[in-house]
Structure formats: structure tokens, C-alpha cells
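Q: My structure is below; once you've seen it, I'll send some questions.
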Amino acid sequence: MTAARLHAFLLLAWAFVLMVVKRVLYRGPRGLALFEANFRDEHLWGLSADERSELPTFERCIACGLCNQNDGARVTASAGAYPGTMGLMLASSRSMPDFGAARAALAFISDEELAEKELQCPAAVPMRRVAAFIRAHS
């Protein structure tokens, strides 16, 4: 056995011993609880299987701009907090750390208005479900 192979074997053995000792002695969170503890400050958390299956439907937006009709007054009144419906559907619904800003933007549009915009959407983006998901996870 060469010196390089022996060195690699010793490193691997040491890493294995450390892993076993940590598993036996460490009493902190594990699995999903560890993930949530690590990423809570970054506003990332685990999703249920149903939520994960629903996420691809949120990404249908093709940036056609039809949903931005009549958003001018809303954008102005929000002093920049509301990026327009298309901006909300494109950016905020795809990045969980941005859900705080998206929730603030949703204060400027009602579910009834989103329902009307859904009817105009050629990509059938479920805007009310996107809004509900953002509200539930921010």
C-alpha cells in the first residue's frame, strides 16, 4: 500500500469514527428538525408532499403582461411594495425567502381581483392558490 493510499484510508477511518461518535453523543435536532433549525432565519422550511406537487403549477407564468392591466394605480398607491401582478407571479411565488415581500404586496390586491386576472391568464396560473400559499408560508 502506498503512502498516499494509506493516508486516504486513515482519513476515511477517522471520518467514520467521528461520524459514529457524533451519532452516539449528539442529542440535538436531526432530520427535518435540523433542516428547519439551520434554515429558519433564511425563511426556508420543509413542505408537505401535496405542497411540493402544487409548486410546479405556480411556475406557469409566461410573462405576457395581461394580468398587469389596471395595476398602475395599485403600484403607485403601494409606493413600490406592489410590483404588479405579473411580477408577483414571476418572482415572489418562486422564491420562499421572498415570501415576506410577496405577502406585503398581496395586501394591495384582493382574491376577487386575482380571480378576475386568472380568467385573463393564457397560462392558467392559479393566482389565488399562489397567494394562499404565500400567505401560509410567510
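Q: Restricting attention to segment 79-115, and to residues there that are within 15 Å of A132 (Cβ to Cβ) and among the acidic types (D, E), which single residue is surrounded by the fewest Cβ atoms within 10 Å (Cβ to Cβ)?
A: Result: E112.
Q: Can you tell me how many residues within segment 64-94 are in a helix (DSSP H, G or I) and small (G, A, S)?
A: The total comes to 6.
Q: So which pairs qualify, if the first residue must be in segment 30-48 and outside any loop (DSSP other than H, G, I, E, B) and surrounded by 11 or more Cβ atoms within 10 Å (Cβ to Cβ), the second must be polar (S, T, N, Q) and modelled with pLDDT of 80 or more, the Cβ gap must be under 9 Å, and the two must be at least 6 apart or on different chains?
A: Taking only residues 6 or more apart or on different chains, not a single pair turns up.
Q: Residue by residue through segment 30-50, note down the ones that are within 26 Å of M127 (Cα to Cα), among the acidic types (D, E) and modelled with pLDDT under 85.
A: Within segment 30-50, just E42 meets the criteria.
Q: How about segment 116-138: which of its residues are farther than 16 Å from E54 by Cβ, hydrophobic (A, V, I, L, M, F, W, C) and crowded, with 16+ Cβ neighbours inside 10 Å?
A: Passing the criteria: only C121.
Q: Just give me the residues in segment 100-138 being touching a residue at least 24 places away in the same chain (Cβ under 8 Å) and under 13 Å from the mean Cα position of the chain (by Cα), in sequence order.
A: Correct list: G100, A102, R103, V130, A131, F133, I134, R135, H137, S138.
Q: Among (1) farther than 30 Å from G31 by Cα; (2) modelled with pLDDT under 90; (3) under 19 Å from the mean Cα position of the chain (by Cα), which single condition is P97 missing?
A: Failing condition for P97: (1).
The values are calculated or read from the model by the stated rules, or taken from the named source; none is laboratory data. Small disclaimer: the values here were computed from a predicted structure and weren't measured. No Cβ is skipped: glycine too gets one built from the backbone with ideal geometry, and neighbour counts run over all protein chains shown.
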